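I'd like to ask you about the structure that follows.
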Amino acid sequence: MIIPAASPVAFSLPGLPIYWYGIIIVSGIILALFLAWKNRDTYGISWNIITDFAFLAICSLILSSVLHLH
């Protein structure tokens with residue numbers, strides 16, 4: 001049985017292809033923020049610290065992906 005190759009593009013908006021790995025990364029970020037929000041009181045971490053860390057993590061993700069492509 002031959003399995004056809006999957007397309008890396010999930011769908012396309014006019015002039016903008018949306019890739020599967022982008023959807024997976026954004027889903028992971030949203031899930032991580034949700035879990036951090038639900039467990040912030042358990043670990044005694046303020047929401048400001050969580051959002052600051054998330055901002056730095058997302059900036060690092062974008063920077064490293066740009067550096068990887070060049």
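Taking H placed 1.01 Å from N in the peptide plane, check which residues at least 5 places from residue 19 or on another chain put their amide H under 5 Å from its amide H.
Hits under the 5 Å cutoff: 10.
Okay, moving on. Between residue 27 and residue 49, how many nm apart are label points set 7 Å from Cα along the C-beta direction?
My value for the distance between the label points is 3.1 nm.
Separate question: Which FRET efficiency value, to the nearest 0.05, do you get for residue 68 and residue 40 by plugging their Cβ-Cβ distance into 1/(1 + (r/R0)^6) with R0 = 30 Å?
0.40
May I ask for the angle, rounded to the nearest 10°, between helix 20-38 and the longest principal axis of the chain, with both axes built from Cα atoms and the value confined to 0 to 90°?
Approximately 20 degrees, to the nearest 10.
Taking the highest mean first, how do the peptides 25-37, 8-20 order by number of other beta carbon atoms within 10 angstrom per residue? Can you show the working numbers first?
Values: 25-37: 12.0, 8-20: 10.0.
Result, highest mean Cβ count within 10 Å first: 25-37, 8-20.
Only the coordinates and a few stated rules stand behind these numbers; no lab work does. Keep in mind it's a predicted model, so treat the numbers as computed, not measured. Here the Cβ is made from the backbone with ideal geometry for all residues, glycine too, and neighbour counts use every protein chain on show.
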